[in-house]
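Take a look at the structure below.
The values are calculated or read from the model by the stated rules, or taken from the named source; none is laboratory data. Just so it is clear, the model here is predicted, and its values are computed rather than measured. For neighbour counting, all protein chains shown are included, and Cβ atoms are generated from backbone atoms with ideal geometry for every residue, glycine included.
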Amino acid sequence: MAGEGDSEPGKSFKLLGFLDVKNVPCARESVLYGSLGSLVMGLGHFLATSRVRRSCDVAVGGFICTMLGYWFYCRYNLAQQRIRQRMLREGMRNRVLFEGSYLDPEKEQTGSERGNS
């Protein structure tokens, strides 16, 4: 029973001591895709050249490039999503705030359409 409960369910995993993989958005996926890229590039280079040391170097480079590439891609998409959510939230708040008042854009459109008829 001493072995059970040693790891807390809420405890986070820190990669290299500073990258909190659980709480930082995109960190987990970046590390996983980096590992996959490392495996593919290193194994591919080894199968093509049969040079072990150079293949390990290519694998490390593949890990760094794949991880950073996916990190920037994911963070860019996350920023775009947050911008869209903020715009939607503001639009919903303005809709509730201005609905039925003279500032309601839909009320102006319907009023001008009635005046033209």
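Summary table below
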item	result
Close pairs (6 angstrom Cβ cut-off, 6 or more residues apart or separate chains): closer than 16 Å to G69 by Cβ and at pLDDT 80 or above in the stretch 15-31, of a type outside the set (D, E) and assigned to a loop (DSSP other than H, G, I, E, B) anywhere	A27/V21; R28/V21
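Listed here are the residues, each with its yes/no results for (1) in contact with a helix residue (DSSP H, G or I) (Cβ under 8 Å, 6 or more places away or on another chain); (2) in a loop (DSSP other than H, G, I, E, B); (3) surrounded by fewer than 10 Cβ atoms within 10 Å (Cβ to Cβ); (4) at pLDDT 70 or above.
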residue: Y70; (1), (2), (3), (4): yes, no, no, yes
residue: L78; (1), (2), (3), (4): no, no, no, yes
residue: Q85; (1), (2), (3), (4): no, no, no, yes
residue: L88; (1), (2), (3), (4): no, no, no, yes
residue: R95; (1), (2), (3), (4): no, no, no, yes
residue: E108; (1), (2), (3), (4): no, no, no, no
residue: G111; (1), (2), (3), (4): no, no, no, no
residue: G115; (1), (2), (3), (4): no, no, yes, no
